[in-house]
1. In what order do V31, V37 fall by count of nearby beta-carbon atoms within 10 Å, going from fewest to most?
2. In terms of Cα to Cα distance under 14 Å, which aspartates and glutamates are near enough to K62, apart from those fewer than 8 places away along the same chain?
3. Evaluate the Kirkwood expression for the hydrodynamic radius of the range 98-146, namely the inverse of the mean inverse distance over all pairs of different C-alpha atoms, and round to one decimal in Å.
4. Amide H neighbours of V26 under 5 Å, counting only residues 5+ apart in sequence or on other chains, H built in-plane at 1.01 Å?
5. Tell me, what does the Kirkwood hydrodynamic radius of the range 154-240 come to in angstroms if you use every pair of distinct C-alpha atoms?
6. Can you quote the Å³ per residue value for the convex hull of the Cα atoms in the range 90-187, rounded to an integer?
7. Report, largest value first, the span of the C-alpha coordinates of the range 190-265 along each principal axis, in whole Å.
8. Sequence gap at least 6, Cα distance under 8 Å: using those rules, report the relative contact order of the chain to the nearest whole percent.
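Laboratory data are not the source of any read-out in this text; all were calculated from the coordinates shown. Quick caveat: nothing in here was measured; it's all calculated off a predicted structure. Note that we place each Cβ from the backbone using ideal geometry, even for glycine, and neighbour counts take in every protein chain shown.
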Amino acid sequence: MKLFDSKQQALVDFVPLKPGKVGIYVCGPTVQSAPHVGHLRSAVAFDIVARWLRIGHGYEVKLVRNVTDIDDKILVNAASLGKDWRELAVEVEAGFNEVYESLSAGVTHSPHATEHIEGMIQVIEHLIERGHAYQAENGSANVFFDTASHPAYGELTNQKLENMEGEAIGGGRRAAHDFALWKSAKPGEPETATWDSPWGKGRPGWHIECSAMTLAELGEAFDIHGGGLDLRFPHHENELAQSRAAGFDFANHWMHNGLVTVGGQKMSKSLGNGVSVEELFALGNPAAVRYWLASAHYRSSLDYSPTSLAEAVSALGRISNFVRRASEVAEVSTSELPVEFVEAMDSDFSVPVALGVLHDTVRVGNSALDAGDKDAVAEALGATVRMADVLGLDLSSNEKVATAETIELIENLIAKRNQARAEKDYAQADLVRAELTAMGITIEDQAGKTVWMWSN
């Protein structure tokens, strides 16, 4: 199989560093505020990567997604809310976990930054010993990475140091591109947000957190480092530099998922075009949201609109409806995954192509249902269920419990609509369809018959 390595900017063959085992690290949330759509996309994208490596290739996969639970933004937000920063971090993380669980985007391990402070201090000490870091010259506890000491700095994003945008020199920083490894405690900040270190009380910088946590969870070398495209610089560039400067091989491959856009523009608070998780789940259930998040190739931008989410609801409904109908007449077979599906997933996790294969299989299955070919139905059902499993699509989530009376009502309304259409009374047919829609029912006319499904 091949994946796109965003450091090499090329499709490359994927071969695990350790036979039969794969280690993946994905940058997780800073738990300062509620999750946004970007967090969801990254979680789903790399969950699918892990699923395919497990199901498609039989690898033992360790998927690590960190939690940044100490950060300047957490302290600022907690202070503005009159809360203890630790309380805010726990509350926000619980919200993230609830969303991740609803999207079936779990991980193997979820390390917290505050659990690895000692490991971070050790890595910083190592960098100082190797001549790649220095304590601030102003007498504070600040410690910075010396970018000039590492000639390979910029290798991830293919930039030269002199062309990069740096920060204002201050706090004892020697050069604009040097970044914080350890931050000195500031007046007025909670004592609980500081830790003792060889340089004085303070807390870790953002970038060193991930280097220490990858080392603890996956060792000095691991297979894949993932995250959103917006993290490539400076976060991932700095992670790579400090880890390599410390003598670690670090990530063998880099993968970055594209951004979520609205009307072609990046979602942002400043533009006022953000969409909350609550808004998404109000328009579609978690399974449909997951379908939508996966519907564009992970490296491409994903444009949001209510229409695009409605299309995802409908598409997932067609799959769920087939599985419901097919399960009434056939057992799930031990079908192999379609060759075209395997080829798509092995070609840099091309989920949109894989979804096309899934829908083709559903169409074949529906035709087999209409023809009364139970063997073909069983084959299509088995393949559909297996593909849905790879993609993490919960096909039961679109189903609702319906009483016999409800089913009878639905079928009577469908019959009434079809009669109106036969009499060319399209206005009446539209009224009946609207009544079904109001009940949460979607209908489709297929091969001379009308089938129904729950719309959400």
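1. V37, V31
2. D47, E217, D223
3. 13.6
4. The list, which skips near neighbours in sequence, is V64, R65, N66, G226.
5. With all distinct Cα pairs of the range 154-240 included, I get 15.0 Å.
6. Looking at the range 90-187, the number lands at 177 Å³ per residue.
7. Reported extents, whole Å, longest axis first: 48, 32, 19.
8. Here the relative contact order equals 15 percent.
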